[in-house]
Amino acid sequence: MTRTRIVRVERTDVECSHTVTIRFQDESLARPGQFAMVWIPGLDEVPMSFSYIGDLKGVTVHNVGEATAALHDASRGDKLGIRGPFGRDYRIEGESILFVSGGTGAASLMPALEVAMGNGIRSTIVIGAKTASELIFVDRAISLGADVRISTDDGSKEYKGFASDLALQVLQEGSFDRVLTCGPERMMKTVVTACLEKGIPVQVSLERFMRCGMGICDSCSFGGLHVCVDGPVFDGKDIIEIEDFGVFRRSADGSREVIP
Amino acid sequence: MADLSVEIAGLRLRNPVMLASGILGETGSSLVRVAEAGAGAVVTKSIGAEPREGYPNPTVVELEAGIINAVGLANPGIAAYVDELKVAAQAEVPVIGSVFGKSEGEMSEIAILMEEAGVSAIELNLSCPHARNVGAELGKDPETVGSVVSAVKKSVHVPVFAKITPNVTDIVDAALAVANSRGDGIVAINTVKAMAICPETGRPFLSNGIGGLSGPAIKPIGVRCVYELYESVDIPIVGVGGILTGKDALEYLMAGAKAVQVGSAAYYRGIEVFGRVVEEIGQFLDEYGYESVGDVVGIAHDEN
């Protein structure tokens, strides 16, 4: 069931100064890494990864524009349209997984971490943010029992540097047979490159401007692949050669632009 | 094994299944992938003179038996799109450039640039149902259709097809205008003008309100249009609208289309649908003893 249904906001949880999670009842079967097209009636429709995948679903929203600002202001009882779940999910297998999250990327990885811990897979998660006050889902990861490692670009909490820098260090220290990453694309490209050099299978969740979410409009074109149906979760080895990875995206008029 | 190749307005196609305009044709790499998936030709997204962002989301809504869209002719403009056409040239099938514009002059200029960039044919979008001053706004008037086709024909050497709208009283009028203006073929139909409203919010689903319906719901409308066109004009017809399977394509061929286009089916059956429809046509022709695609074109008109 992927057609639009109207849900009501059940509650909003503040994750940090610029990020909230919106919870709503929706009985669709979502798997970790999948996304929905979230319609704010009268304003816009945007792709959002599920940060909670049970019947009380959640999407976690970084306030970056008009649509996300409206989601920030949402209150209990407000109506939203949901299409989906769409896209490929994370494959959660192996004995030991390293999760690497930058910024709001934690939203997509959290359901995967939950499944991994539930399946008894030894899990370490690097959660990175620009500064300590912008870290999200740290308590949630700790309460799941994961080994949580924190990085901040400004060093205001624990490791000083990018999540990818800390991830490379963690990869040296321990033995991991899978890596899952979601966050800024250049950060992920660093992680993918390192993993492929070490021969560790790595999965990456990408973000692009989308319209249809179902593989026909070409808005999220990525080297002949489509982030909405071939992704958003890709195997690193399948995309490392794609020229756009970490460099270009498509704007609303379809022209190529550099990822800021 | 039946012969699946077709010739249409001088274009040799390895099979009669093309990618329809508006689907998966905004980037060269996607056009190449559709060709690799088995299409006999690929049609670009409709390209205009300037970059255009289209309408805000939602631009697509899925219904029980179809999809309504009002993307609003989003495209990077012909100057930037030439780079996509360079990539698309790696496709081992003809690339057909879809053009929209406000006037015959504007459409001719874009067609010339498309031809220089190597397209094998031009398809004139005279039928987009949800954009102002372009598409069906031109295509609803047969006289304007005739003057646009004449102007573009004088501007380029490659074949010129006109994609016409079903959202008129009689689709034959525009088709006659295309034929009388020496157009090389007709593509029918574009989407059917439509709307869906969300009861819980009391609003149309799409930001533009009105959009164009595609998918299984419109196949009988398209087949009827092609059947009527085949009785009225002698130039080749390309059938499009709601084709998901080989049998759907055969309905269009039997109604009189020499080739077909497939679009929304890429959602229902994935990008592999192009090769699958080709295979299904071949299996049908073999099973029923036809030697080539041409053997079935228009047979629904034969007196029993």
Within region A:233-240, can one find any residue that is surrounded by fewer than 19 Cβ atoms within 10 Å (Cβ to Cβ), part of a loop (DSSP other than H, G, I, E, B), of a type in the set (A, V, I, L, M, F, W, C) and within 11 Å of chain B (Cβ to nearest Cβ)? no
Could you check region A:1-27 and list, in sequence order, the residues that are more than 14 Å from every other protein chain (Cβ to nearest Cβ), under 19 Å from A:G81 (Cβ atoms) and β-branched (V, I, T)? A:T12, A:V20, A:T21, A:I22
For the subset of region B:70-119 comprising residues that are crowded, with 18+ Cβ neighbours inside 10 Å, assigned to a loop (DSSP other than H, G, I, E, B) and not hydrophobic (A, V, I, L, M, F, W, C), which member is farthest from the other protein chains (Cβ to nearest Cβ)? B:P94
Mind checking whether some residue in region A:124-143 is out of contact with any His (no Cβ under 8 Å at 6 or more places or on another chain) and at positive phi? yes
Matching entry among A:L196, A:L206 (being of a type outside the set (V, I, T), at negative phi and surrounded by fewer than 21 Cβ atoms within 10 Å (Cβ to Cβ)): A:L196
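Residue-by-condition table, conditions (1) modelled with pLDDT under 95; (2) assigned to a loop (DSSP other than H, G, I, E, B); (3) small (G, A, S):
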{"position": "B:P166", "(1), (2), (3)": "no, yes, no"}
{"position": "B:V172", "(1), (2), (3)": "no, no, no"}
{"position": "B:A175", "(1), (2), (3)": "no, no, yes"}
{"position": "B:N190", "(1), (2), (3)": "no, yes, no"}
{"position": "B:E200", "(1), (2), (3)": "no, yes, no"}
{"position": "B:S207", "(1), (2), (3)": "no, yes, yes"}
{"position": "B:I218", "(1), (2), (3)": "no, no, no"}
Restricting attention to region A:50-91, which residues are touching a residue at least 60 places away in the same chain (Cβ under 8 Å), closer than 16 Å to A:E15 by Cβ and touching a Phe, Trp or Tyr at 6+ places or on another chain (Cβ under 7 Å)? A:F50
Restricting attention to region B:184-243, the residues that are polar (S, T, N, Q), within 14 Å of chain A (Cβ to nearest Cβ) and either touching a Pro at 6+ places or on another chain (Cβ under 8 Å) or over 20 Å from B:L124 (Cα atoms) (or both) number exactly 4
Out of curiosity, is B:V82 over 29 Å from B:I210 (Cβ atoms) and β-branched (V, I, T)? yes
Looking only at residues that are closer than 21 Å to B:I243 by Cβ and part of a loop (DSSP other than H, G, I, E, B) in region B:54-69, which one is nearest to the other protein chains (Cβ to nearest Cβ)? B:E64
Hey, any hits in region B:10-33 for a residue that's touching a residue at least 24 places away in the same chain (Cβ under 8 Å), closer than 14 Å to A:A252 by Cα, surrounded by fewer than 24 Cβ atoms within 10 Å (Cβ to Cβ) and within 11 Å of chain A (Cβ to nearest Cβ)? no
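The values are calculated or read from the model by the stated rules, or taken from the named source; none is laboratory data. The structure presented is a predicted model; accordingly, all values stated were derived computationally and were not measured. Every residue, glycine among them, receives a Cβ derived from its backbone with ideal geometry; neighbour counts consider all protein chains shown.
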